[in-house]
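Every number in this text was worked out from the coordinates using simple rules, so none of it is lab data. Source: prediction; values computed, not measured. Quick reminder, even Gly has a Cβ in these numbers, built from the backbone with ideal geometry, and neighbours come from all protein chains shown.
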Amino acid sequence: MKKAVLVIASMMCILITSAQENFMTQTETKYWDDSKTFAGYSLFGTRGTTYLIDFEGYVIHTWPLGTNPRFTDNGTLLDAVGGNPSNQNTWEELDWDGNVVRQYSETRSTYHGHHDFTKIYNPKLGDSTFLYIANKDLTAQQCLDAGCDPANNYNGAQMDAIVEVNKQGTVIWEWWFFNHVVQDIDPTKSTYGIIANTPGRINLNLRGNPVKSDWMHCNSLDYNETLDLIVVNSVHGEFYVIDHGNTFIANDPTGSISLAATVAGDFKYRFGDPAKYHQGDPPSVLDNWEKATAGNKQIGGSHDIQWIKPGLPGEGHFLVFNNAENLFELTPQSYIVEINPYLNSSGTNTGSFVNPPDAGYTIVNSPNSNLMKEKKNVSKQIVWCYSSKNNTSFYSTIGSSAQRLPNGNTFICSMNDGHFFEVYPADTSIVWEYINPVTRNGIKHIKVDNYPTYNGVFRAYRYTSDHPALAGHDLTPGNTITGLPPDYLTPDNITAVSNNQYKPSEDKLGQNFPNPFSNNTTIKFVLMESKQITLVVYDLSGNIVKSLVNTRYPKGEYSVVWNGTDDSGNQVPGGMYLYVLMGDNKTITKKMIRIN
């Protein structure tokens with residue numbers, strides 16, 4: 001089963017033909033190959049609620065937070081309070097029943113928490129601590145004193161810091177980008193240096209991007225306990241490795257913060273855009289301005305940087321969701337990228353960080369001319385990359401995540417469309433696919449064309465039943481989020497016909513009569529075998545209007561009359577409606593018109 005399954009599985013509603021309706025897709029579980037998925041439960045937060053679901057989409061449990069949740073090793077659910085990844089200053093740990101067992105807060109007025117956080121075990125302290133990203137305010141004078149170009153205005157400037165607090169809420173360590181900067185325009189400043197010779201510091205005067213509010217926009221971080229290192233990702237297309245262990249002094253917060261501000265806190269490794277430190281070419285428009293090149297830039301708009309955990313395939317490598325914003329590709333698409341930072345130009349694992357430009361690049365052609373992509377330089381440190389054949393199948397402009405699973409599969413969340421799927425490594429086939437039904441306008445079984453993040457999910461995670469957060473708890477499935485029975489494809493539904501089309505149901509759904517109608521209309525359907533079916537009327541926004549049938553029928557021909565009322569008994573307004581017959585993992589959709 002090839003990657004085209006991802007496209008095939010999203011074609012369940014192609015039996016309707018109008019231009020608008022071609023953008024419709026069914027939410028919740030769309031496909032499941034239970035022989036290849038990694039057993040477990042999927043966790044995600046959206047619009048103030050965290051859901052734990054099984055593969056069929058049944059809800060196992062919920063919690064009253066839903067921003068960027070994850071389980072901790074001590075069995076709690078950790079998330080930000082407030083529902084906005086871009087602005088957070090309070091984080092809570094909840095037990096299984098939703099009780100708050102610990103809270104962390106950022107109360108300093110010049111610090112602005114956002115995007116990511118993690119609970120770690122600090123080996124030098126011998127206890128668990130909490131790390132988070134916070135923008136730290138700068139005055140215009142601070143910027144100028146550091147060597148920022150005086151031609152620019154620096155009112156409202158900020159740079160990200162990584163803050164560590166103990167269980168008592170005391171800040172015990174802090175690392176700030178502003179303490180690790182370089183510039184080459186004012187030799188009278190202590191920050192003056194040759195940019196190309198200073199890859200361990202960020203250039204204060206990046207071309208076209210002067211220091212400003214949320215300048216770095218870091219959106220993810222991870223901690224490696226074995227190495228005692230932190231990695232933090234900037235949306236502008238780079239991630240940075242920072243030495244935590246050698247800049248932390250137990251029981252000495254002042255000394256720790258001072259030490260982290262020295263050269264000991266300079267980047268140990270950075271990846272993504274070597275032009276930012278004058279060791280590579282930037283993206284640019286070519287002489288033929290209808291074409292462009294990404295130069296040596298590898299990632300853009302990226303999210304969810306992490307080390308692949310010990311014991312997993314690729315352990316010790318970096319995994320990142322490369323949204324691929326600002327890469328100057330004529331037809332952009334997102335990628336999942338795995339990086340081995342220890343590889344040199346000959347592909348040898350050196351055991352130490354190698355500057356990516358020193359490792360070099362391979363020139364890669366587009367795999368298909370219809371993608372309309374130019375050749376690009378791909379870092380030799382990239383050891384695995386996943387992308388869909390159709391470049392729009394999981395393209396996400398913001399957010400998103402990827403997680404390596406113990407069986408080698410990769411679990412992916414594409415934020416824009418609330419799209420989760422699991423990739424099998426041998427042939428990069430899709431073995432599970434799910435669409436979040438929770439939208440800005442409520443829970444939808446049918447999602448219609450909408451602007452990005454209408455049903456967005458910032459990240460999603462997969463956990464096994466023996467995880468400390470789940471072990472010993474009742475994991476009996478409840479209902480699906482929509483309340484409707486699961487209706488998804490399986491490998492048996494995918495046929496190897498030459499045109500790769502989804503094999504339609506042999507059941508038949510007739511056109512309602514009369515159509516248009518004003519009072520009553522009759523809908524006929526034929527079942528080729530006994531099965532549980534539902535027949536539901538939707539409006540064009542994907543809202544359930546009327547549930548006409550939800551029962552098991554023997555093989556045969558049937559008819560149902562709809563009197564134009566909704567589930568509350570109210571008459572619905574005139575307009576176009578959809579009626580959907582679902583059963584045995586197959587869906588048939590038709591449209592009808594009511595006139596008043």
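Extension gain for residue 39 to residue 426 (0.36 nm times residue separation, less C-alpha to C-alpha distance): 137.6 nm.
Most tightly packed first, judged by the mean number of other beta-carbon atoms within 10 Å of their residues, the peptides 82-89, 469-476 read 82-89, 469-476.
Per residue, the average separation of C-alpha pairs within less than 8 Å and at least 6 apart gives the stretch 508-594 a relative contact order of 33 percent.
At an R0 of 51 angstrom, the distance between the Cβ atoms of residue 560 and residue 97 translates into a FRET efficiency of 0.75. Each residue in 385, 413, 148 was given a count of other beta-carbon atoms within 10 angstrom of its own, and listing them fewest first yields 385, 148, 413.
For residue 531, a cut-off of 17 angstrom between C-alpha atoms picks up these lysines, skipping any fewer than 8 places away in its own chain: 508, 555, 586. Start at zero, step by 5 Å, and the Cα-Cα distances of the stretch 194-341 spread as 2, 9, 16, 20, 20, 15, 10, 5, 2, 1, 0, 0 percent across the bins. Label-to-label distance for residue 192 and residue 451 is 4.8 nm, based on points extended 7 Å past Cα in the beta-carbon direction.
Each 20 Å bin, from zero up to the one with the longest distance, holds this percent of the alpha carbon pairs of the chain: 19, 49, 26, 6, 0. Going from the residue with the fewest nearby Cβ atoms within 10 Å to the one with the most, 92, 529, 238 rank 529, 92, 238.
Here the gap between residue 73 and residue 128, fully extended at 0.36 nm per residue and compared with their Cα-Cα distance, gives a gain of 18.8 nm. The stretch 84-137 and the stretch 281-322 have Cα centres spaced 28 Å apart.
Let me have the relative contact order for the stretch 140-262, percent, based on Cα pairs under 8 Å that are six or more residues apart. Dividing the mean separation by the residue count of the stretch 140-262 yields 24 percent. Beta bridges assigned by DSSP with both partners in the chain are antiparallel in approximately 95 percent of cases. Taken along its three principal axes, the alpha carbon spread of the stretch 286-329 comes to 48, 15, 11 Å, from the longest extent down to the shortest. Ordering 564-577, 155-168 by mean Cβ neighbour count within 10 Å, with the highest value first, yields 155-168, 564-577. With just the Cα atoms defining each centre, how far is the stretch 503-581 from the stretch 182-219? Give it in Å. Here the two parts' Cα centres lie 63 Å apart.
From the square roots a ≥ b ≥ c of the eigenvalues of the alpha-carbon gyration tensor of the stretch 106-279, which class results: rounded (a/c under 1.5), prolate (a/b over b/c), or oblate? Prolate, since a/c reaches 1.5 and a/b exceeds b/c.
Can you bin the stretch 192-231 into rounded, prolate or oblate? Criterion: square roots of the alpha carbon gyration tensor eigenvalues sorted a ≥ b ≥ c, rounded for a/c under 1.5, prolate for a/b above b/c, oblate for the rest. Oblate.
Over the residues of the chain, the helix contribution to mean residue ellipticity at 222 nm works out to -1000 deg cm²/dmol, using -39500 (n - 2.57) for each DSSP H run of at least 4. Taking square-rooted eigenvalues a ≥ b ≥ c of the alpha carbon gyration tensor, is the stretch 530-580 rounded, prolate or oblate, where a/c under 1.5 means rounded and, failing that, a/b exceeding b/c means prolate? Note, shape of the stretch 530-580 comes out prolate. Normalising the average separation of contacting C-alpha pairs (under 8 angstrom, six or more residues apart) by the number of residues puts the relative contact order of the chain at 14 percent. Anything over 26 Å Cα to Cα? Flag those among 276/375; 444/591; 268/380; 524/546, in the order listed. Cα-Cα > 26 Å for no pair; all within.
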